[in-house]
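Let me begin by presenting the structure, written as structure tokens, before commenting on it.
The values are calculated or read from the model by the stated rules, or taken from the named source; none is laboratory data. Only a predicted model underlies this, so the values are computations on that prediction, with no experimental measurement involved. Every residue, glycine as well, gets a Cβ built from its backbone with ideal geometry; the counts of neighbours run over all protein chains shown. Side chains included, ligands, DNA and RNA excluded: accessible areas come from the protein's heavy atoms. Shrake-Rupley method; radii C 1.70, N 1.55, O 1.52, S 1.80 Å.
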Amino acid sequence: MKSGSNLERILEGGQFAVTAEAGPPKGSSPKVIQRKGELLKLCCDALNVTDNQTAIVRMSSLSGCVLLKELGVEPVLQMVVRDRNRLALQGDILGAAALGIRNVLCLSGDHQRFGNHPAAKGVYDIDSIQFIQMVKTMRDEHRFLNGEEISGDVPFFIGAAANPFADPFEFRVTRLAKKVNAGADFIQTQGIFDVPKFVEWMKMVRDRGLHEKTHILAGLIPIKSVGMARYMRNNVSGLSVPQEIVDRMADAKDAKEEGVKICLETIEQLKEVEGIHGIHIMAVAWEDIVPRIVEEAGLMPRPVV
Amino acid sequence: MITLEQKKFEEIEKMTKGYSRLLVLGCETCSAMSFAGGQRQVEELASAIRMAQKTSGQEGEVLEDAIARQCEPEFVDLIRDKLAGCDAVLSLACGAGVQLLSERFPDKVILPGCNTTFLGVTEELGVWSERCAGCGNCILDKTAGLCPIARCSKQLLNGPCGGSMNGKCEISKDVDCVWQLIIDRLARLNRLEMLEEIFPVKDWSPAGHGGPRKMVREDLKS
Amino acid sequence: MSDTSPINPMAHPPCKLACPILTDVREYVQLIAERRFDEAFATIRRQNPLPRVCGRICTHPCETACKRGQIEEPIAIAALKRFASDGPWKNQYKPVLPDKPSGHKVAVIGSGPAGLAAAHDLALLGHHVTIFEALPVLGGMLRVGVPEYRLPKNVLDEEIQAIVDLGIEIKTGVRIGAQIKLSDLFEQGYKAVFVAIGAHKDRKLGIAGEDQFEGVISAVSFLRAVNQGQNPKETKKAAVIGGGNTAIDSARCLLRMGAESVHIVYRRSRDEMPAAQEEIEEAIHEGVQIAYLTSPLKILGEDGKVSALKCIKNELGEPDASGRRSPKPVPGTEFTLDVDMVIAAIGQAPDSSLVADELGLTERRERIIVEGPYTLVTTRPGVFAGGDAVTGPATVVEAISAGKRAALSIDHYLKGESIPAIEPAKDVEKVSLARSVVEKTRKFPRCKKISLPADQRLRGFKEVESVFSEDLATKEALRCLHCYLGARIDAEKCVSCLTCVRVCPLGIPTTSKMGEITIDPFACQACGVCALECPVRAIDISLDPRTEIAQDIKKAMSTSQHSGPVIVGFFDLHGNFDSSDVENLRQDYPHVLPVMVFGLRRIDTSDILKAFECGADGVLLARCPPESDPFPEATDRVKRRMAHARALVEALGLDGGRLEICDMPEQGLVQKELIDGLIQRIKEPGQVRSE
Ligand SMILES: Cc1cc2nc3c(=O)[nH]c(=O)nc-3n(C[C@H](O)[C@H](O)[C@H](O)COP(=O)(O)OP(=O)(O)OC[C@H]3O[C@@H](n4cnc5c(N)ncnc54)[C@H](O)[C@@H]3O)c2cc1C
Ligand code: SF4
Ligand code: SF4
Ligand code: SF4
Ligand code: SF4
């Protein structure tokens, strides 16, 4: 075991994993994260705590992780290279290790231009792939980026993101390979609406044997309304929302129900795809729906390993 | 070239208020080529300042001059006499020029009339874009001759982030994703395999993060 | 006075170089374009004592050389000269005589254009001039050769009178060489003599019947008679032999005198015909028939009178020494024309026999020999010669040129100075414009002259061509491409920014690898874009230079009477307005101060600011209508520059409404409502602009 985390045990045990997102609040109250933890505790194997998501300042992801851990929920620590240089990143990794955090998701982060501090100076000292490699070296070789030795263990299950829908499409698999080579133990993908395109991508992934070197968790975003569908289609870079989905949402009597239906259908299709080892549900501001989705997808109860 | 843009007139007006003899000093190299501070812009700006002073009832004189480059002491020294009677200089050079003036004329107020924008190319007359970040450690051999330091919004070194769409960067539909361009060029050059290698972390110390930079050429210096 | 020093062909427009008296064509064309007609006339008149004559009958080599001719058609330079010289402003020109006469007496023999020009210039140099003229009238061939319908006698009279009024003594009816010898003149106290006796001796046809029948006459005699109001012979059917202007003039006169048919018989084809193309066209238009490739063989007669002309057809053989292909008769192609009159117009020669002895001419030579075409010195000290007498039949302007040069030579001679011998200017090679420039240049057809309808012409000798209207004249003058008035780079200032290379609508500036910029001064059309956009002001331009625009603004401001809000108005000269529009503007809006420019392309933001700085309350910019803009591709640039100017004006705390940018109306200078609106906004700031 690299980290001994619940997520690692489930995936290494060959079981279908379920993770979800629990965004921290724009405030100092622990309650928000605690409520999400309680809500999702039983239907997920681990919960991702986002790191100033979409470049909007929130409670730090490390603190969120600690709050979850106190509840007995396993956190995935998301970290972006936008806000911290190599010193801060390594320091936080050590701190997280000390606090018993075992999963980390290494990300580039959305550009600060879109957030609530667009005038901020972006750091981008290292990129996400170099970050993955750095954490792996810390874990496996007990060394900092500069080669100096680290005292103590840095046991992390290292995750990375993948976006099969961004351009250039052909490069997307190469980039995944790079992440895997850098040391990504698991992958959480961008939300999937365009299943055929995802399937095509997975085929390329399998052609390179990557599905055997890492655990791929397919991303899902439950949609609440046609407005949300349209917004994502038009404004979120790197998301591909087919017109068919938008139309279904528009025509539906009960949009929320339709959203759940779409999500469940997608999960059904994804389960069939070879190399998919789990799902990752990003129900931004609609966490309440996650237990129902996991239940109706037939993924309950969650295994205890 | 270094590109510059003239500051907004409102800002210039505010900073030049209250000086009785102001010299508007152009720089005839990069600043001129950026249409920010050559002879032509000096004329225009000096005229505008005079007008603004007149409207606000301020008595003052605005002189005009330009030198070849404000980043060279010999050129700068050529305006010493003219400057003697002035209480402030509005320099239309880049930051380097402004500072050399400050160093050469310790008793004068030196004001910046321009913002230094970037190192770039002229795409066409009136359109410039950034190409180089002056990082002090060129990597263009590994990136198909296109610079991700200067042109990727996140300075990524290992290929495009998940925001790259239709060749454009996630920050704006008007900005090319340089990684798309790099990949296109590598494909054309049949060098796509270069992308497989993980690009190591960059040493940012020559990029200015190692403190103010200075170059000394022993063979040249006096 | 004509400047005879050698001139650098790289700095002068082709029109000027082509003119024998180096008339500053470009200058006066530009002045006409600027509607400064009196100054245009002065420019012409300074150089040319017979502008109205030349405006009508000059062979205008300037037009042949004109650069615009490479685009579509040359500027109608001669017609513009006539316009400038016929207008009422011509009387404002007063030549200045020196305060003190030189005390020298000079005799001029012959009152043709050569003699008149010499007399004029000599008088201005302070010498006392006497013209000796064999005929009872003055003017030489202008009076007794060129017909009335091309050069009205009153025009000639007026021009000659103006010259005579300089204090020139006239002795008509005196044939020098006969009654008075050259040596007599020196004895009478003349210190120098200019022999300008023209070429009035007829050439014979040399065919059978020439001297046998009544009705054969030389063109010179015929025209002399016609010009003196006589009708030498009633004729119904006439043949004119020859292909020069004299032949054409004779033929056209015959038609006006009632001939039913007139044939011109010419040896070669139309391409070789020495007469001016337009003259040939006019003649055909009026009904003259031309038998090309035809030679006369014999004149036939009945009862002692001409009855027919026997001719033969020719074909063109190998080019001869002159490069012209010589005609060869084709056997068996003989034919006859029934005619009752034959006019021989095969050229004239100078009749130098009267002065031959004294000038040491061998008898065979008809032309008077001079040492060089610039000095005009003959073998006899103090005697100079020029015009047709020296060159053989040529043109008015060449005769004027000779007269002017003679005046200079004589002046030197009288002062005891050596006479500078200047190499005659080599024919300047015609520089071709690059195809791309020709293609990129906007085409504007030449303004057509207005002439009498053919049927009205033949009723008399009324002048055929009429003068350009003011509208047409300015329009035509605005076609000028301002050769050599364009952009010049100060290499010391240039920073190789390439802006000029990028903005030139014609693609004239080019760069070397090292950034050295070249602007072909011939190809440049002085549009002004590069001079304005150059960020370091390294480009200067001669047409409306930037310094001049600044001065114009100051000058305009200084003339203001401050009777209301003062507005500086920049007006594009390419608009369709005339001087009365400008006058009306001055009267209706005395506080609008016009600054006229060749295109608003030339007006920079700093010029607008300068106007405000000088105290203007408002600035008006009027663009010419797009149809007349020679550089429409620059319009968008102009608009954007004005937007920038407006933004800056507003940033200055001035009301943006004080700056009005408008298009000129289709006809006129500016719409009144626009000025009223601007004035209104100045008086009550804060109002929204209508645009
Ligand atoms: C029919 C015709 C049409 C023409 N049309 C044109 C035209 O359209 N454009 C153009 O440019 N040119 C034209 N020309 C040519 C032009 O008129 C002459 O080239 C020009 O007039 C020559 O000027 P000149 O002063 O040398 O001689 P002339 O004009 O010939 O004047 C010479 C004068 O000297 C006088 N004279 C001669 N001998 C004596 C003497 N011994 N003593 C005193 N006086 C003497 C003569 O009477 C005459 O008045 C034309 C010529 C002719 C014949
Ligand atoms: S979209 Fe392209 S240019 Fe923009 S941040 Fe991502 S990789 Fe860089
Ligand atoms: S275009 Fe104008 S300047 Fe040029 S040759 Fe013609 S008339 Fe003269
Ligand atoms: S625009 Fe001026 S500075 Fe630039 S290349 Fe031309 S002449 Fe030189
Ligand atoms: S003046 Fe006009 S035509 Fe001449 S080089 Fe400059 S831009 Fe070209």
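For this structure, a couple of remarks:
- Per residue, the solvent-accessible area of the stretch A:143-213 (1.4 Å probe, heavy atoms of protein chains only, all protein chains present) comes to 36 Å².
- Bridge orientation summary for chain A: considering DSSP beta bridges with both residues in this region, about 5 percent are antiparallel.
- For the stretch C:22-84, the Cα-based Rg and Dmax, in that order, read 10.9, 32 Å.
- Looking at chain C, the DSSP beta bridges with both ends there are about 35 percent antiparallel.
- Residues whose amide H lies under 5 Å from that of residue B:63, counting only those 5 or more places away or on a different chain, are B:22, B:23, B:24; hydrogens are built 1.01 Å from N in the peptide plane.
- Sorting the segments A:213-222, B:171-180 by their residues' average number of neighbouring beta-carbon atoms within 10 angstrom, most packed first, yields A:213-222, B:171-180.
- All Cα pairs of chain A, percent lying beyond 36 Å: 11
- Total buried accessible area between A and B, probe 1.4 Å, nearest 100: 2600 Å².
- Residues whose placed amide H lies under 5 Å from that of residue C:325, excluding near-sequence neighbours: C:320
- Amide H contacts of residue C:487 (H built 1.01 Å from N, under 5 Å, at least 5 apart or other chain): C:526
- Intensity falloff of the stretch C:202-347 expressed as log10 I(q)/I(0), Debye formula with alpha-carbon point scatterers, at q = 0.15, 0.16, 0.18 Å⁻¹: -0.71, -0.81, -1.03
- Listed residues A:30, A:291, A:118, most fluctuating in chain A (Gaussian network, C-alpha, under 10 Å): A:118
- Shielding of B:37-46 by partner chains, average beta-carbon count, 10 Å: 6
- Filter on C:94/C:672; C:493/C:555; A:197/B:168; A:36/A:136; B:142/C:513; A:121/A:179 - keep pairs with C-alpha separation over 32 Å: C:94/C:672
- Threshold 50 Å², the stretch B:113-161 residues less accessible with all protein chains present than alone (1.4 Å probe): B:125, B:154, B:158, B:160
- Relative to the longest principal axis of the Cα atoms of chain C, the long axis of helix C:245-256 makes an angle of roughly 80 degrees.
- Highest-first packing order for the peptide set C:634-640, A:199-205 is A:199-205, C:634-640, based on the mean count of other beta carbon atoms within 10 Å.
- Rounded accessible area of residue A:231 (nearest 10 Å², 1.4 Å probe): 130
- Taking every residue in B:197-205 and counting other chain Cβ atoms within 10 Å of its Cβ, the average works out to 4.
- Reported value for the stretch C:53-179: 135 Å³ per residue, from the convex hull of its C-alpha atoms.
- Residue by residue along B:47-57, Cβ atoms of other protein chains within 10 Å of the local Cβ number 5 on average.
- Estimated from helices alone, the mean residue ellipticity of the protein assembly as shown at 222 nm is -10000 deg cm²/dmol (sum of -39500 (n - 2.57) over DSSP H runs with n ≥ 4, per residue).
- Ellipsoid equivalent to chain C - semi-axes via the Cα gyration tensor, in Å: 54, 30, 25
- Expressed as a whole percent, the proportion of Cα-Cα pairs in the stretch C:552-691 lying more than 24 Å apart is 23%.
- Solution diffusion estimate, µm²/s, Stokes-Einstein, the stretch C:485-543, Kirkwood Rh from C-alpha pairs, 10 °C, viscosity 1.306 mPa s: 145
- Interface area, C with B, accessible, probe 1.4 Å, both sides summed, Å² nearest 100: 2000
- Cα gyration tensor shape for the stretch C:433-519, rounded if a/c is under 1.5, else prolate or oblate: prolate
- For the protein assembly as shown, the percent of C-alpha pairs falling in each 10 Å distance bin, counted from 0 to the bin holding the largest distance, reads 2, 8, 12, 13, 12, 11, 10, 9, 7, 6, 5, 4, 2, 0, 0.
- Semi-axis lengths (Å, descending) of the ellipsoid that matches the C-alpha gyration tensor of the stretch A:75-211: 27, 20, 13
- Folded to 0 to 90 degrees: helix C:546-558 orientation relative to chain C principal axis, Cα: 70
- Folded to 0 to 90 degrees: helix A:226-235 orientation relative to chain A principal axis, Cα: 50
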